[in-house]
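Notes for the one structure printed next.
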Amino acid sequence: MGSMAKHLIVVITIIIALNFTFLEGLPINSSNSESGRFLAETNNSSESSRYLDDTVRVDPLDSFKKYRGGYDITNKHYWSSTAFTGIYGYSIAVVWLLCGLGYGGFLIVRRCCWRGRKIKKRAPYCHNNCYLQPLLLSVLFTLLAIVGVGIVLGGDAKFRSRAKTVIDIIIDTADEASDTIYNTTGAMKEMSITLGDVNGNPEATRFLSSTSQRLDAQAANIARQASKNRRLIDKGLKIVYIITTVTVSLTLVSVIALLALGILKFQRTVQVLIALCWIFTVLCFLFFGVYFFLQNFSEDTCTALESFQQDPYNNSLSSILPCDELLSAKSVLNDVSAGIYNLVNEVNNNISTSYGNIVQICNPFSPPPLHEYQPWSCPSNSIKIGDIPRVLRLLACPDTEGETCNGGILVPASEYNRAEAYTTSIQKLLDVYPGMESLVECETVETAFSEILEKQCSPLKRYARMVWAALLFLSVVMVGLVLVWTIGSHHHQNHHSFSGSVKPHSTTTPNMLESGTADHAKQSSDV
């Protein structure tokens, strides 16, 4: 390149070195200095918007007063009030359990009191229908129970899959936000080190260092909350799924075994199976309450996501995705974008004034007032800020390397190193700018939540409703089945000896009497 190009590079270098003092003082001299410390002095005391209509519920942990804190998965009172919505299933389960204990106690007392006695009761005359009808009812209830079990197992598997997908999207978004902050702090730390190495503005160096530390603390907090919530929710869903699957599967085995052994009249085994089915009925009612609660939680989550779409900065999801705490960084980003835009324009104006439009530095930001980051809009013949050190190394040398410069123009080493360090630092800041802008604007979060609302929420609520409805159906069927077999077993005991010996009454006595009467009449007629 000719001498003009060499002088051009020198001019560019000096101008950038001289004007970068504007960027050094930018965060400190911002018109909104408090917003420059956007993560150090966040307003944690601000109230999030609460969508109370769906979350005002009785809280058993607060003397059964109404919970009015909105959707907040970090609040134990939210969990207790939401879990309490399944009280119908819990209550029925307790009542049915008490009935079973009462009936079991009655049988134990009865057996103890009449132990060793042999009491025979004459069975009343009974058609075959009185045995056939209970059997048909047992078969019908067994078939219905099998259908109910199938629906529960299928719906539960789909519900868990959808719930896990939703949780993964939310927590992964939080992790992505944390990673973005870490990337930003990495760039800020490198800028701080670079400014220190070239004797830059000490105030700017301190600001970058302290702000990066506070950013790291915020990122660590987001990552910690995300990990904690993922672990707890995954564990809860897994426990509920496993217990439900095992319980319902054992219920299926028990009802089939009860029908088979009942037909074969294994009375003692039938009584044990009746007790097991009674217990499984209690558990089915209990799980009905649990899944009713999970449906309400799913609806609360989807409502919170909808409210997030409307106002991401003042929302009940801020405990894991603190967009409201990052809002104050928006003004800082605006200051940075405006500062870089003005700096590049000033450099380009100086180049044009001195040398004409030979070459221009790429301005990655659009004109005011938006100052949008648009690096792709630069002219093809412009030089990117990140490429300036490479071009500088090709055409110039610091004066400390005069003997090995190989024809390059010599410039003061301090200015050379400062220009190289500053342009590299600016480029690193520009590299993380899109991610930080997306985080501050909550664009990534909104995109993830839009996916949940469009693809996951409706199936999640539908499968939760399917599971609790199927569990309620199965519970009612089990009540009918247990009652049928209990009555049949009780009927069998009442018409047989307690000692287990069965001696049916002879049905030949009436025939013998009729035969004797006929013989007596015949003898009389012969006489």
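The values are calculated or read from the model by the stated rules, or taken from the named source; none is laboratory data. Not measured: the values here are computed from a predicted model. All Cβ positions, glycine included, derive from the backbone under ideal geometry; neighbour counts span all protein chains shown. For accessibility, only protein heavy atoms count, side chains too; no ligands or nucleic acids. Shrake-Rupley method; radii C 1.70, N 1.55, O 1.52, S 1.80 Å.
Would you pick out the residues in the range 379-398 that are assigned to a loop (DSSP other than H, G, I, E, B) and touching a Cys at 6+ places or on another chain (Cβ under 8 Å)? Break it down stepwise before answering.
Within the range 379-398, the first condition is being assigned to a loop (DSSP other than H, G, I, E, B), and the residues that meet it are 379-382, 384.
If the condition is that a residue be assigned to a loop (DSSP other than H, G, I, E, B) and touching a Cys at 6+ places or on another chain (Cβ under 8 Å), then P379, S382, K384 are the ones that fit.
Determine whether the range 218-228 contains at least one residue that is modelled with pLDDT under 75, more than 23 Å from the chain's Cα centre (by Cα) and over 19 Å from K428 (Cβ atoms). Within the range 218-228 (the criterion being modelled with pLDDT under 75, more than 23 Å from the chain's Cα centre (by Cα) and over 19 Å from K428 (Cβ atoms)), the answer is no, since none of the residues qualifies. Residues that are more than 19 Å from the chain's Cα centre (by Cα), in contact (Cβ under 8 Å) with a residue 40 or more places away in the chain, surrounded by fewer than 19 Cβ atoms within 10 Å (Cβ to Cβ) and farther than 17 Å from D387 by Cα do occur in the range 412-425.
So, in the range 370-382, how many residues would count as being without any contact (Cβ under 8 Å) to a residue 40 or more places away in the chain and either closer than 17 Å to A421 by Cα or within 39 Å of the chain's Cα centre (by Cα) (or both)? First the steps, then the outcome.
Going residue by residue through the range 370-382, those that are without any contact (Cβ under 8 Å) to a residue 40 or more places away in the chain are 370-372, 374, 376-382.
Within this subset, residues satisfying the condition of being either closer than 17 Å to A421 by Cα or within 39 Å of the chain's Cα centre (by Cα) (or both) are 370-372, 374, 376.
Looking only at that region, the number is 5.
For first residues located in the range 78-91 and within 13 Å of W468 (Cβ to Cβ) and open to solvent by 50 Å² or more (accessible area, probe 1.4 Å), partners that are at pLDDT 95 or above and basic (K, R) and lie 6+ apart or on another chain with Cβ distances below 6 Å do not occur.
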